[in-house]
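The values are calculated or read from the model by the stated rules, or taken from the named source; none is laboratory data. If you're wondering where the values come from, they're calculated on a predicted model, not measured in any experiment. Glycine also receives a Cβ, built like all others from the backbone with ideal geometry; neighbour counts cover every protein chain displayed.
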Amino acid sequence: MKPAKFDYHDPTTIDEALGLMAQFGDQARPLAGGQSLVPLMNFRLIRPAHLIDLNRVNDLSYLSADDHALRIGATTRQRELERSAEVAKRWPLLRDAAAFIGHIQIRNRGTVGGSLAHAFPSAELPVAMVTLDASMVLAAKTARRSVGAEDFFLSYMTTALQPDELLLEIAVTALPANAGWSYQEVSRRHGDFALAGVASVLALDVKGCIQHSRLTLTGTTPMRVRKAEEFLLGQRPSEALFRDAARRATENLEQDSDIHASAEYRRAACAALARRALTQAARRSAEQVKGTSR
Amino acid sequence: MSTRQVRLTINGHEYSGEVEPRKLLTDFLRDDLGLTGTHVGCEHGVCGACTILFNGEPVRSCLLFAVQANGAELKTVEGIAPNATELHPLQEKFWELHGLQCGFCTPGILLTAEALLKEIPNPSEEEIREWLSGNLCRCTGYQNIVTAIQETAKTLAEKSR
Amino acid sequence: MAYIGSRVKRKEDVRLLRGIGKYVGDIHRAGMVHAAILRSTHAHARIVKIDAATALKLPGVIGVLTAADMPGLKTIPMRTGVIPGLERSQQTPIAATKVRYVGDPVAVVVADNRYIAEDAIELIDVEYAALGPVVEARASMEPGAPQLHEAVPNNIAANFQVNVGDVDAAFRDSDLIVEEEFSTQRHSAVPLENRGLVAEWDEGRGLLTMWGPTKMTHTNWRILSELIGLPQSSIHFIEPEVGGGFGARGEFYPEDFLIPFAAMHFRKPICWNEDRSENLKAMNQSRQQKHRIKIGVKKDGTIVAMDAEILFDMGGYTRTHGGVPAIAASAMLRGPFRVKNYRCNVFCVLTNKTPVGTYRSPGRYEANFVRERLMDIVAHRLKLDPADVRRRNLIRHEEMPYDLGKHPFHYMVYDTGDLPGQFERALERFGYESFKATCAAAKLEGRAVGVGIGCFVETSGIGPWEYARIEVDNAGQVVLYSGCNSVGQGIATALSQIVADELQVAIENVRVVHGDTAQVPYGNGSNASRSTVMAGSAAVGASRKVKDKLLRLASAKLEIDTADLILSDGRVIARGAPERSLAFAELARLALPGPALKNGMTPGISEEDFFATDKRPFPYGVHVAAVEVDKETGKITILDYLVTEDVGRKINPMIIEGQMAGGLAQGIGGALLEEFVYDEDGQPLSTNFMDYLLPTAMEVPKAQLISTEDFPSPHNPLGVKGAGEGGITAVGAALANAVSNALGVEVKKLPLKPDYILQLIKDHEAAGETSDADL
């Protein structure tokens, strides 16, 4: 399974990379971690005439956090995200989501930006980024723009990226106070693509009522379930509440069907995982509320 | 389409070659450089038979093009033993505890295990299995591999006292 | 100290650990070029036209071969499992007029390297006239279904019956009759190394050398000779390191003809290294069977009769194994239980899918699943403990040797064993009774925890014969030339242990040669867990002849009667006077032609032996599994697992445990994960490792693996029973029973996918059944 021929470019600056994207447009593919792209090339399912290797553009790989936000350079390795103490402390949802990506060897090369740009249906980072209201910085040779995570994922493996654009950075703002989180996933084997994946962030107020809620499910694109989020606001956590919210979230939920699981299964699994995610997020939030109220 | 020069360090030695950009690192190692210990099981990044250490980290060499390794430091199975007559403790324990049968997955597993023990000198069984989950073995059922790694951890700990 | 019975470190390991073992893909010959196979993309079609003109113009392409370049193509013969009728659906090495599965070879491209060869494949234009495919066995048998082979009406490649006792009368005598349908999914060996071959034709000397053949080296040597028209003495097979076989690697495949043919045609050494996407379409698949089964029992659970219909899905052609999985399933369906009245009607059915061969414990993995599920269903219906129903029916030691009655194609006399004793040992060591309490307690908490049993009798050590030659060379080294093969199982170590004990030498001074037709003239290979039994016994025979020669040589030199000489530590020594001795090296020098001929002795220390038998030893044992099922996601966690197996005698306990552990992992793959799925057009959907799921270290639990030596087999001088398949054979059975027990449902098929589990739970709740599976 050898790839078809291609011309290879290895720019060392962002400008150079963007210049190549402008020049070769839809004939080109950017190469970041390669953990998704190269298998497709080896199967000859994708045959770019030009491969633009971003691995030598050092300015594209960074993790920097301030009081306001976490900024992730697009070619930051997933393993770096997973291991960062700052991310673990302030954006643990990202660490948990990243830990579900494949295996350690994959995460050593796979990148945050690469996973988002590839936009595979059951991928973890897209779901997590939507849940965290992240924003993506896209750039072409002559222009930059910012796109919110929900607007970034358009359809099956299609993002807002234009053929001449690169994803440069992902910005994630700080979470509300006392936010609890949870990433739940079910797959055939450890490390496989999720059959169903759910991310949730809940923040309780001092009275124990939900004042911030986010719930996102895997689907063809990450599915943020506003009706469930709205239903939860102002309520107190309970088993019955979360069961109800999960039911609302997955009623008529569109899911894919393949040899691993039917759409019906995925819907049922999403409901179970949604309930579990909400429960865990609420518990973690409650722990923090208890902690800060001392 | 032109070829590119690749210069890299493997197991402490310098190598170079001239390759088409599409040449996979696995094929460069095996065919161009004669380092056939790195095996090819799937060419799509799942089985782990091609695992090498790339700048110290275990990665799938079937998902790298040789040109990407220009300037890199690699370790392959041929570089695990300290010399031609002695074995690394991992190799000793795999031998002692029957941690291999057909041997096809073994190079990739040894390198993953080496990286694991460097990062976590005293890993739990759960951690060992998690690290191993990216390396498929069709013969052993993993049990003896896990034990061999656990015993190696003990040996290395004793050595460093 | 004896080597037999001890945990000797394997001789194979150091080179493999260092990464210097040479597998076929590591072999380079000067001027070697690369082949790639163009394979059919249709499941069923006529080939209208093949146009390779563009491909031939690509720089680096040496040539393209099709059936048109291979006049007089013969079909690949069966070497075993020959059921009358199967010969009508054999495969030619390349498709000439018709393709019958996606993956059927259509052309061979030879180029400077594999990259260019794959580029060239894309440039070959094949025009197909599609024919309707049929992908399911029952549909394939229906009148009006597309016909795969002209000579095979209704795609029924073969049909045979087994008939023991009087089934109909026995059913009339039953208190309860249970009728069920079960199915097991297509899955297979999928070794980590893909297949490969290197072929080199020395035109000057008329010698064809092949690296890569394994498993059935001598059989394949003969088959190639017949197909390619060269005498065997002009063909040399060399076995490299092999990355696992499990039954599928090493049979004679189309490529085993195509690659040497191409080497002779182009007069260049050619290598072919299959890639994974081909392997998942072109290597023998297995395990797909449908069983309709009826069992009659007394109300105490005693089985009186069993009647089964088996549909064996063969794929598009009959391969070298003929109908082995069907034969084995029908032979071993009764397993360890006393069933005096048994009938089985077996259909070998052709479908437009990859052809089928054997995979570790062929037919038995399937049969054990069916029978053990049935035992639990019977227990449930009779409100008896599944363990008690088994106890009532297990064949007892006093009944051994136990004749199961005539089978047209399978040896059917269990040699020896205490099946009930092994059963009690398994349950006791597992803690079955206390675990049942654990299950009950978990259920009260709303958790689905269950335990399942899978009993088995395995077949092993098949004959008809095996070859060994042992020589002592001038350095005193003992060399065994064995007709077996190594697929990674450690046979060279086991054989070395046997020879070292027989000849009282250090194991470091024993070398084993296998798989090389220039060094080993005869052999029946390594399959069906036969090597230790057959090759080991032949090695014993040859060793004893060598011992005799050594003693005679020493006797002549030392002038001591052979009765007063013994072997010790690489020497022949006088009993009671050890200072009077000769080392093997010295004896070898005495056996050189000069001195030997002078003394009227045959020169050399070299003795051959054939061990022949038409009987088989039957290892037997029990699997016990404990699972927890997540009722919301259908995910199964294996909490605990135990395998017991009586292997007669253990040559190397470490190797045996390794076989059990490896078999268990594959069995788990088969029960939970692995499946070759096809769509209704016969397009394979499991053609990469994200779709065909092999178990990882996270899916295979640590297990208790207990091998015993209670009943050595009387059929060979070592007393061994082959231990290669006991670990896998009842995993589907035990896990399916455990899941059924955990959920109070009736599993009828494998694999136990999460959505199948959720479906079972949903149907169970809808039926409003109370979970009275607290047994």
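In the stretch C:339-377, the residue that is farthest from C:F246 (Cα to Cα) out of those that are charged (D, E, K, R) and crowded, with 24+ Cβ neighbours inside 10 Å is C:D376. When the residues of the stretch C:225-267 are filtered to those that are within 14 Å of chain B (Cβ to nearest Cβ) and out of contact with any Phe, Trp or Tyr (no Cβ under 9 Å at 6 or more places or on another chain), which remaining residue is farthest from C:W201 (Cα to Cα)? Filtering the stretch C:225-267 for residues that are within 14 Å of chain B (Cβ to nearest Cβ) and out of contact with any Phe, Trp or Tyr (no Cβ under 9 Å at 6 or more places or on another chain), the one farthest from C:W201 (Cα to Cα) comes out as C:G245. The set of residues from the stretch A:165-186 being of a type outside the set (A, V, I, L, M, F, W, C) and buried (at least 20 other Cβ atoms within 10 Å of the Cβ) comprises A:E165, A:E169, A:N178, A:G180, A:S182, A:Y183, A:Q184, A:E185.
From the set of residues in the stretch C:136-164 that are in contact with a Gly (Cβ under 7 Å, 6 or more places away or on another chain) and not in a strand (DSSP E or B), which is nearest to C:I668 (Cα to Cα)? The qualifying residue nearest to C:I668 (Cα to Cα) is C:L148. Can you find even one residue in the stretch A:11-21 that is of a type in the set (A, V, I, L, M), within 14 Å of another protein chain (Cβ to nearest Cβ), within 26 Å of the chain's Cα centre (by Cα) and more than 30 Å from C:I116 (Cβ to Cβ)? No.
Does the stretch C:623-639 contain any residue that is more than 14 Å from chain A (Cβ to nearest Cβ), within 30 Å of A:R266 (Cβ to Cβ), surrounded by fewer than 21 Cβ atoms within 10 Å (Cβ to Cβ) and acidic (D, E)? Explain how you work it out, then say what you get.
First, the residues of the stretch C:623-639 that are more than 14 Å from chain A (Cβ to nearest Cβ): C:623-628, C:639.
Retained after the next criterion (residues that are within 30 Å of A:R266 (Cβ to Cβ)): C:625-628, C:639.
Adding the requirement that they be surrounded by fewer than 21 Cβ atoms within 10 Å (Cβ to Cβ) leaves C:628, C:639.
Adding the requirement that they be acidic (D, E) leaves C:628.
For the stretch C:623-639, residues more than 14 Å from chain A (Cβ to nearest Cβ), within 30 Å of A:R266 (Cβ to Cβ), surrounded by fewer than 21 Cβ atoms within 10 Å (Cβ to Cβ) and acidic (D, E): present.
Of the strands (runs of 3 or more DSSP E) that lie entirely inside the stretch A:145-205, those containing 3 or more residues that are in contact with a strand residue (DSSP E or B) (Cβ under 8 Å, 6 or more places away or on another chain) span A:166-173, A:179-187, A:194-204.
Looking across the stretch A:74-99 at every residue that is crowded, with 23+ Cβ neighbours inside 10 Å and not β-branched (V, I, T), the one that is nearest to the other protein chains (Cβ to nearest Cβ) is identified as A:Q78. Applying the criterion of being within 10 Å of chain B (Cβ to nearest Cβ) and buried (at least 20 other Cβ atoms within 10 Å of the Cβ) to the residues of the stretch C:669-691, the residue that is farthest from the chain's Cα centre (by Cα) is C:F689. Checking every residue in the stretch C:138-157 against the condition of being surrounded by fewer than 19 Cβ atoms within 10 Å (Cβ to Cβ) and within 25 Å of the chain's Cα centre (by Cα) gives at least one match. C:D774 meets each of the listed conditions (1) in a helix (DSSP H, G or I); (2) modelled with pLDDT under 95 apart from (1).
Taking the conditions exactly as written (more than 10 Å from every other protein chain (Cβ to nearest Cβ) and either in contact (Cβ under 8 Å) with a residue 60 or more places away in the chain or among the β-branched types (V, I, T) (or both)), does C:L760 satisfy them or not? Before you say what the answer is, go through the steps one by one.
Working: more than 10 Å from every other protein chain (Cβ to nearest Cβ): yes; either in contact (Cβ under 8 Å) with a residue 60 or more places away in the chain or among the β-branched types (V, I, T) (or both): no.
Here the answer is no, as C:L760 does not meet what is asked.
Only a single item in (1) surrounded by fewer than 24 Cβ atoms within 10 Å (Cβ to Cβ); (2) out of contact with any strand residue (DSSP E or B) (no Cβ under 6 Å at 6 or more places or on another chain); (3) within 27 Å of B:K154 (Cα to Cα) is not met by B:G48, and it is number (1).
Quick one: which strands (runs of 3 or more DSSP E) sit completely within the stretch C:242-328 and have at least 2 residues that are in contact with a Ser or Thr (Cβ under 8 Å, 6 or more places away or on another chain) and over 24 Å from C:V339 (Cα atoms)?
C:303-315
Of all residues in the stretch B:88-133, exactly one satisfies the criterion of being closer than 17 Å to B:K159 by Cβ, out of contact with any helix residue (DSSP H, G or I) (no Cβ under 6 Å at 6 or more places or on another chain) and facing another protein chain (nearest Cβ under 7 Å), namely B:E96. Each residue in the stretch A:29-59 was checked for being in a helix (DSSP H, G or I), surrounded by 23 or more Cβ atoms within 10 Å (Cβ to Cβ) and either touching a residue at least 40 places away in the same chain (Cβ under 8 Å) or more than 12 Å from chain B (Cβ to nearest Cβ) (or both), and 1 pass. Restricting attention to the stretch B:76-127 and to residues that are among the aliphatic types (A, V, I, L, M), assigned to a helix (DSSP H, G or I) and surrounded by fewer than 24 Cβ atoms within 10 Å (Cβ to Cβ), the residue that is nearest to the chain's Cα centre (by Cα) turns out to be B:A115. Among the residues of the stretch A:109-122, those that are within 14 Å of another protein chain (Cβ to nearest Cβ) and surrounded by fewer than 24 Cβ atoms within 10 Å (Cβ to Cβ) comprise A:H118, A:F120, A:P121, A:S122.
Pairs meeting the criteria (first residue in the stretch C:610-628 and at pLDDT below 95, second residue of a type in the set (K, R), beta carbons under 6 Å, at least 6 apart or on different chains) are C:P617/C:K721.
Hey, among the residues in the stretch B:1-26 that are facing chain C (nearest Cβ under 8 Å) and touching a residue at least 24 places away in the same chain (Cβ under 8 Å), which one's surrounded by the fewest Cβ atoms within 10 Å (Cβ to Cβ)? Talk me through it step by step, then tell me what you get.
Going residue by residue through the stretch B:1-26, those that are facing chain C (nearest Cβ under 8 Å) are B:20, B:22-23.
Now drop any that are not touching a residue at least 24 places away in the same chain (Cβ under 8 Å), which leaves B:22-23.
Numbers: B:R22: 21, B:K23: 23.
Ranking the qualifying residues of the stretch B:1-26, first place goes to B:R22.
Restricting to the stretch C:693-716, count the residues that are of a type in the set (A, V, I, L, M) and surrounded by fewer than 18 Cβ atoms within 10 Å (Cβ to Cβ). Please lay out each step first, then the result.
Step one: filter the stretch C:693-716 for residues of a type in the set (A, V, I, L, M), giving C:693-694, C:697-698, C:700, C:703, C:705-706.
If we keep only those that are surrounded by fewer than 18 Cβ atoms within 10 Å (Cβ to Cβ) too, we end up with C:698.
Looking only at that region, the number is 1.
Take the conditions of a type in the set (A, V, I, L, M) and surrounded by fewer than 24 Cβ atoms within 10 Å (Cβ to Cβ) and apply them to C:V513. Does it pass? Yes, satisfied.
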